[in-house]
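To keep things clear, I will list the structure first and then write my remarks on it.
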Amino acid sequence: MTTTSTALRPDRWFTTDRPLLLAVAAALDETPTVIVHAVEVPGVDDPEERVRAGLRLLRGGYLEGDDGVGYAIVSALTERGMREVGEWPTADTLARRVLDELAAAADEAPDEPTRSRLRTAIEVLSRGTLDTATNVLGVAIAKAMGLTP
(Lines give C-alpha, C1' and ligand atoms only; values in the text may rest on other atoms or scores of the structure.)
Protein backbone atom coordinates (compact mmCIF):
# COMPACT_ATOMS: atom_id res chain seq x y z
CA MET A 1 0.00 0.00 0.00
CA THR A 2 1.36 3.41 -0.98
CA THR A 3 0.96 6.33 1.37
CA THR A 4 0.95 9.91 0.22
CA SER A 5 2.22 12.82 2.22
CA THR A 6 -0.01 15.81 2.79
CA ALA A 7 3.01 18.05 3.44
CA LEU A 8 3.64 20.78 0.90
CA ARG A 9 6.63 20.42 -1.36
CA PRO A 10 9.44 22.95 -1.09
CA ASP A 11 8.79 26.35 -2.67
CA ARG A 12 11.02 26.50 -5.74
CA TRP A 13 9.64 29.74 -7.17
CA PHE A 14 10.97 32.09 -4.49
CA THR A 15 14.05 30.09 -3.51
CA THR A 16 15.40 29.09 -6.93
CA ASP A 17 13.38 29.86 -10.05
CA ARG A 18 12.62 33.55 -9.58
CA PRO A 19 16.14 34.39 -8.31
CA LEU A 20 17.54 32.61 -11.39
CA LEU A 21 15.14 34.51 -13.67
CA LEU A 22 16.32 37.81 -12.17
CA ALA A 23 19.98 36.80 -12.54
CA VAL A 24 19.47 35.71 -16.16
CA ALA A 25 17.70 39.00 -16.95
CA ALA A 26 20.66 40.93 -15.55
CA ALA A 27 23.16 38.74 -17.43
CA LEU A 28 21.28 39.22 -20.71
CA ASP A 29 21.86 42.96 -20.33
CA GLU A 30 25.57 42.19 -20.74
CA THR A 31 25.66 39.30 -23.21
CA PRO A 32 23.40 37.88 -25.96
CA THR A 33 23.23 34.37 -24.51
CA VAL A 34 23.49 32.94 -21.02
CA ILE A 35 24.62 29.46 -20.01
CA VAL A 36 22.42 28.84 -17.01
CA HIS A 37 24.75 26.67 -14.94
CA ALA A 38 27.34 29.49 -14.98
CA VAL A 39 24.99 32.22 -13.72
CA GLU A 40 25.65 33.34 -10.16
CA VAL A 41 22.45 33.16 -8.14
CA PRO A 42 22.48 34.09 -4.45
CA GLY A 43 21.53 31.07 -2.38
CA VAL A 44 21.68 28.63 -5.30
CA ASP A 45 25.21 27.26 -5.29
CA ASP A 46 24.57 23.96 -7.07
CA PRO A 47 25.01 24.33 -10.87
CA GLU A 48 22.72 21.34 -11.45
CA GLU A 49 19.94 23.02 -9.45
CA ARG A 50 20.40 26.16 -11.56
CA VAL A 51 20.02 24.04 -14.72
CA ARG A 52 16.88 22.37 -13.35
CA ALA A 53 15.45 25.81 -12.52
CA GLY A 54 16.44 27.07 -15.98
CA LEU A 55 14.66 24.16 -17.60
CA ARG A 56 11.52 24.85 -15.55
CA LEU A 57 11.66 28.52 -16.64
CA LEU A 58 12.19 27.59 -20.30
CA ARG A 59 9.37 25.09 -20.28
CA GLY A 60 7.18 27.40 -18.19
CA GLY A 61 7.33 30.13 -20.82
CA TYR A 62 9.57 32.61 -18.99
CA LEU A 63 12.69 32.15 -21.11
CA GLU A 64 13.63 31.51 -24.73
CA GLY A 65 16.60 29.36 -25.57
CA ASP A 66 17.84 25.84 -26.03
CA ASP A 67 17.83 22.97 -23.60
CA GLY A 68 18.92 19.41 -23.41
CA VAL A 69 20.12 16.81 -20.97
CA GLY A 70 22.09 18.72 -18.38
CA TYR A 71 22.13 22.17 -19.95
CA ALA A 72 20.06 25.24 -20.65
CA ILE A 73 21.19 28.15 -22.81
CA VAL A 74 19.03 31.28 -22.72
CA SER A 75 18.82 33.88 -25.49
CA ALA A 76 15.96 36.07 -24.22
CA LEU A 77 13.19 36.54 -21.73
CA THR A 78 9.69 36.00 -23.04
CA GLU A 79 6.94 38.57 -22.47
CA ARG A 80 5.95 36.58 -19.38
CA GLY A 81 9.51 36.64 -18.11
CA MET A 82 9.88 40.36 -18.74
CA ARG A 83 6.67 41.08 -16.86
CA GLU A 84 7.83 38.99 -13.90
CA VAL A 85 11.14 40.87 -13.57
CA GLY A 86 9.46 44.25 -14.07
CA GLU A 87 10.76 45.02 -17.56
CA TRP A 88 7.25 45.18 -19.09
CA PRO A 89 4.21 46.62 -17.38
CA THR A 90 1.33 44.55 -16.16
CA ALA A 91 -2.22 45.87 -16.14
CA ASP A 92 -1.80 46.68 -12.44
CA THR A 93 1.47 48.57 -12.86
CA LEU A 94 0.06 50.46 -15.83
CA ALA A 95 -3.05 51.47 -13.86
CA ARG A 96 -0.89 52.59 -10.92
CA ARG A 97 1.32 54.60 -13.23
CA VAL A 98 -1.71 56.39 -14.71
CA LEU A 99 -3.07 57.12 -11.23
CA ASP A 100 0.34 58.48 -10.18
CA GLU A 101 0.45 60.68 -13.29
CA LEU A 102 -3.04 61.99 -12.56
CA ALA A 103 -1.98 62.78 -8.97
CA ALA A 104 1.09 64.65 -10.23
CA ALA A 105 -1.07 66.56 -12.72
CA ALA A 106 -3.49 67.48 -9.93
CA ASP A 107 -0.62 68.78 -7.81
CA GLU A 108 0.57 70.96 -10.69
CA ALA A 109 -2.84 72.05 -12.00
CA PRO A 110 -3.10 75.79 -12.65
CA ASP A 111 -6.44 76.25 -10.89
CA GLU A 112 -8.80 74.66 -8.37
CA PRO A 113 -11.48 73.45 -10.86
CA THR A 114 -8.82 71.50 -12.80
CA ARG A 115 -7.32 70.10 -9.57
CA SER A 116 -10.79 69.11 -8.41
CA ARG A 117 -11.62 67.27 -11.67
CA LEU A 118 -8.32 65.39 -11.60
CA ARG A 119 -8.79 64.38 -7.95
CA THR A 120 -12.32 63.22 -8.74
CA ALA A 121 -10.96 61.07 -11.59
CA ILE A 122 -8.37 59.57 -9.24
CA GLU A 123 -11.03 58.85 -6.63
CA VAL A 124 -13.39 57.23 -9.14
CA LEU A 125 -10.64 55.07 -10.63
CA SER A 126 -9.30 54.13 -7.18
CA ARG A 127 -12.68 53.01 -5.79
CA GLY A 128 -12.81 49.85 -7.87
CA THR A 129 -10.19 47.23 -8.35
CA LEU A 130 -7.18 47.87 -10.51
CA ASP A 131 -8.85 45.65 -13.11
CA THR A 132 -11.73 48.10 -13.28
CA ALA A 133 -9.35 51.05 -13.52
CA THR A 134 -7.42 49.29 -16.28
CA ASN A 135 -10.63 48.58 -18.22
CA VAL A 136 -11.84 52.18 -17.86
CA LEU A 137 -8.47 53.53 -18.98
CA GLY A 138 -8.34 51.09 -21.88
CA VAL A 139 -11.73 52.20 -23.16
CA ALA A 140 -10.76 55.86 -22.80
CA ILE A 141 -7.51 55.33 -24.69
CA ALA A 142 -9.24 53.33 -27.42
CA LYS A 143 -11.84 56.09 -27.86
CA ALA A 144 -9.15 58.76 -27.96
CA MET A 145 -7.37 56.81 -30.69
CA GLY A 146 -10.58 56.35 -32.68
CA LEU A 147 -10.54 52.57 -32.21
CA THR A 148 -14.17 52.28 -31.05
CA PRO A 149 -17.32 53.15 -32.98
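The values are calculated or read from the model by the stated rules, or taken from the named source; none is laboratory data. Nothing here was measured: the structure is a model prediction, and the numbers come from that model. When we count neighbours, we look across all protein chains shown, and the Cβ atoms used for this are built from the backbone with ideal geometry, even at glycine.
Exposed (fewer than 12 other Cβ atoms within 10 Å of the Cβ) and in contact with a His (Cβ under 9 Å, 6 or more places away or on another chain): is that true of GLU48 in this structure? Walk me through it before giving the result.
Working: exposed (fewer than 12 other Cβ atoms within 10 Å of the Cβ): yes; in contact with a His (Cβ under 9 Å, 6 or more places away or on another chain): yes.
Yes, satisfied.
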### Query
Does LEU55 count as surrounded by 13 or more Cβ atoms within 10 Å (Cβ to Cβ), among the hydrophobic types (A, V, I, L, M, F, W, C) and either closer than 15 Å to ALA27 by Cβ or touching a Leu at 6+ places or on another chain (Cβ under 8 Å) (or both)?
no
### Among the residues listed as ARG115, ARG80, the single one being closer than 30 Å to GLY138 by Cα, in a helix (DSSP H, G or I), assigned by TED's automatic domain parsing to the domain that holds ALA140 and charged (D, E, K, R)
ARG115
### Message
Filter the stretch 36-67 down to the residues that are under 14 Å from PRO19 (Cβ atoms), without any contact (Cβ under 8 Å) to a residue 40 or more places away in the chain and either not in a helix (DSSP H, G or I) or not assigned by TED's automatic domain parsing to the domain that holds LEU20 (or both) and list them by number.
### Response
VAL39, GLU40, VAL41, PRO42, GLY43, VAL44, ASP45, ASP46
### Task
Name every residue in the stretch 1-45 that is of a type in the set (Ser, Thr, Tyr) and surrounded by 13 or more Cβ atoms within 10 Å (Cβ to Cβ), in order of residue number.
THR15, THR16
### Query
For residues in the stretch 125-149 being in a helix (DSSP H, G or I) and surrounded by fewer than 10 Cβ atoms within 10 Å (Cβ to Cβ), which is modelled with the highest pLDDT?
ARG127
### Query
Taking the stretch 1-45 only, how many residues are of a type in the set (Asp, Glu) and closer than 20 Å to ARG59 by Cβ?
2
### Query
Scanning for something within 20 Å of the chain's Cα centre (by Cα) and among the small types (Gly, Ala, Ser), does the stretch 33-51 turn up at least one residue?
no
#### Entry: Sole residue being under 30 Å from GLU123 (Cβ atoms) and without any contact (Cβ under 8 Å) to a residue 40 or more places away in the chain, chosen from ALA104, ALA72, ALA26
ALA104
## Note on the structure
Apart from one, (1) assigned to a loop (DSSP other than H, G, I, E, B); (2) assigned by TED's automatic domain parsing to the domain that holds ALA23 all hold for ILE73; the odd one out is (1)
